[in-house]
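The next block holds one structure in the form of structure tokens; read it before the comments.
The values are calculated or read from the model by the stated rules, or taken from the named source; none is laboratory data. These numbers were taken from a predicted model, which means no experiment stands behind them. Virtual Cβ from ideal backbone geometry, glycine too; neighbours counted across all protein chains shown.
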Amino acid sequence: MTGAATRLFRRRVSLARNGCRLIGAGTVVLMLFATGQSARGSQIVDQSYLPFHPSSGFDEVVGLSPLNPTNLPLGQQFVPTLTSMNFLDLWIEDAASNDPATATIQVNIRATSISGTILGTSTAVAPAEINLSGGTTLTEFDFSSPISLTPGATYVIQAAEINAINDNRSFGWVGGPPGSSTYAPGEAYINGTLQPTFDFAFEEGVESVPEPSSWLMAAMAVIACVGFVLKRRRVALI
């Protein structure tokens, strides 16, 4: 090659390399973004009981504080149709107005009963004045790995506040309406006792993950770029 041709060739190879770097980096960023979006945006709800009627006055809030343990342990039975779960939503309310404190709520998924084997644990922070005066915001609990379930078997969601400082915190789990709740497969536990006509509000299920084909497409794009650069190098050596 002449000096001018060599410089032109090197410039083209450099552009190809930079283009491949951009494609590869962009693909990875897009895939990571898609993964984050999937975790929050592609939920499959299996079992749920969400009696949202904030203006009717029919809901009931049962306190979660261990400093006022009259209600504990609290729980809710559910009977899944799926073989696993990795998220749970509860309707948590801060019944104490003008109190800036938050609450850390811990949930356990137990087999069979309120005292059954713990299959998974998660925590979430309920902000101050959440659902005050009857909102409908759900508090989401994510599990680090899927919890295996047997369709048709009975499981229990157990919930309690774990950072209580004083009884004025008044965070509670909302359910109802009292005396006529309608989640047929299960019942609530209050003070460890089943409540035949009361249920706590919840939903549980699985969050989807990116399809393997998406990751394969990203890898193929990067491999194609690498192949292009290597081919140009071989041409330069001929």
(request) Considering only segment 194-229, state which residues are surrounded by fewer than 12 Cβ atoms within 10 Å (Cβ to Cβ) and modelled with pLDDT of 90 or more. (result) Pro196
(request) Select from segment 130-170 the residues that are among the charged types (D, E, K, R) and surrounded by fewer than 18 Cβ atoms within 10 Å (Cβ to Cβ) and list them in ascending order. (result) Glu140, Asp142, Asp167
(request) Go through the residues of segment 177-189 one by one and say whether even a single one is modelled with pLDDT of 95 or more, of a type in the set (Ser, Thr, Tyr), under 17 Å from Asn71 (Cα atoms) and outside any loop (DSSP other than H, G, I, E, B). (result) yes
(request) Would you mind stating whether Gly135 is small (Gly, Ala, Ser), outside any strand (DSSP E or B) and in contact (Cβ under 8 Å) with a residue 60 or more places away in the chain? (result) yes
